[in-house]
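I have placed the structure first, in the form of structure tokens, so that the comments after it can refer back to it.
The values are calculated or read from the model by the stated rules, or taken from the named source; none is laboratory data. All figures in this text were calculated on a predicted structure; none of them were measured in a lab. Here the Cβ positions follow ideal geometry from the backbone for every residue, glycine too, while neighbour counts run over all protein chains shown. Quick note on the areas: whole protein, heavy atoms, side chains included, nothing else; ligands and nucleic acids left out. Shrake-Rupley method; radii C 1.70, N 1.55, O 1.52, S 1.80 Å.
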Amino acid sequence: RQIVEAARADDADTDVRDLASSDLQPGTLAELTSPSLFAERKVLVVRNAHDLSADSVKDVKAYIASPVEEITLVLLHAGGAKGKGLLDAARKAGAREVACPKMTKPADRLAFVRSEFRGLGRSASPEACQALVDAIGSDLRELASACTQLTADVEG
């Protein structure tokens, strides 16, 4: 989210593509990263990068070796050994890495919700944060989305 927000702060017309690993078939990345006439800024988010096919991994590694300046590629990887070669290639190329450890404790999820509200320039009472976690559950993307939605819907 922070990468998308930063790109849109630089250029409000930034094209954001959110792709599941199954959407990234061989050749798709080349198509998405080919130069456009308008040199538009793009952010390509690939979810579950650890599940990419071997051919798609080759395409991503080739792109990482020779990226396009106007295009930001975000790879979301669950960690672990599966797809580690892709991560190693990204690290070797100097990619920025953001570690997101699993949050297994309820207190961690509450801290996450409070942090999300702070990041959005808002605050919420401990009771409100707990109610949100109770209603949404433990999926951090869902919690972050709920925080964003609430700050957009509620004044003050």
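Computed quantities for the displayed model
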| read-out | value |
| --- | --- |
| DSSP-loop GluC sites (Glu not before Pro) across the stretch 1-100, with at most 13 other Cβ within 10 angstrom | Glu40, Glu69, Glu97 |
| Label-to-label distance, nm, for residues given as Ala62 and Val98 (7 Å Cα→Cβ offset) | 2.9 |
| Mean accessible surface per residue for the chain, computed with a 1.4 Å probe while every protein chain stays in place, in Å² | 65 |
| Angle in degrees between helix 140-153 and the longest Cα principal axis of the chain, rounded to the nearest 10 | 60 |
| Helix axis angle, 106-119 relative to the chain longest principal axis, alpha carbon, degrees | 80 |
| Helix 54-65 axis, angle to the chain major axis (alpha carbon atoms, nearest 10°) | 90 |
| Label-point gap, in nm, between Ala81 and Ala107 - each point 7 angstrom along Cα→Cβ | 3.4 |
| For the chain, calculated [θ]222 nm from helices alone, where every DSSP H run of n ≥ 4 adds -39500 (n - 2.57) | -14500 deg cm²/dmol |
| Under Karplus coefficients 6.51, -1.76 and 1.60, residue-wise ³J(HN,Hα) of the stretch 20-35 in Hz, glycine/proline x | 7, 4, 5, 6, 8, 7, x, x, 5, 5, 4, 5, 6, 9, 5, x |
| GNM flexibility winner over the chain from Val68, Val98, Val43 (Cα, springs under 10 Å) | Val98 |
| Arg41 long-range amide H proximity, modeled H, under 5 Å | Asp15 |
| Given charges at beta-carbon only (K, R positive; D, E negative), |dipole| of the stretch 40-156 in Debye | 520 |
| Computed over the stretch 3-126, Cα set: Rg, Dmax in Å | 16.6, 50 |
| Estimated translational D of the stretch 53-141 in µm²/s (Stokes, Kirkwood radius over Cα pairs; 20 °C; 1.002 mPa s) | 135 |
| Extension gain, Glu69 back to Arg8 (0.36 nm per residue minus Cα-Cα distance, nm) | 20.4 nm |
| Chain lengthening between Glu40 and Arg91 when straightened (0.36 nm per residue, less Cα-Cα) | 15.8 nm |
| Candidate lysines - alpha carbon under 21 Å from Lys82, same-chain residues fewer than 8 apart omitted | Lys58, Lys61, Lys92, Lys102 |
| Percent accessible area from carbon and sulfur atoms, the stretch 1-150, protein chains only, probe 1.4 Å | 52 |
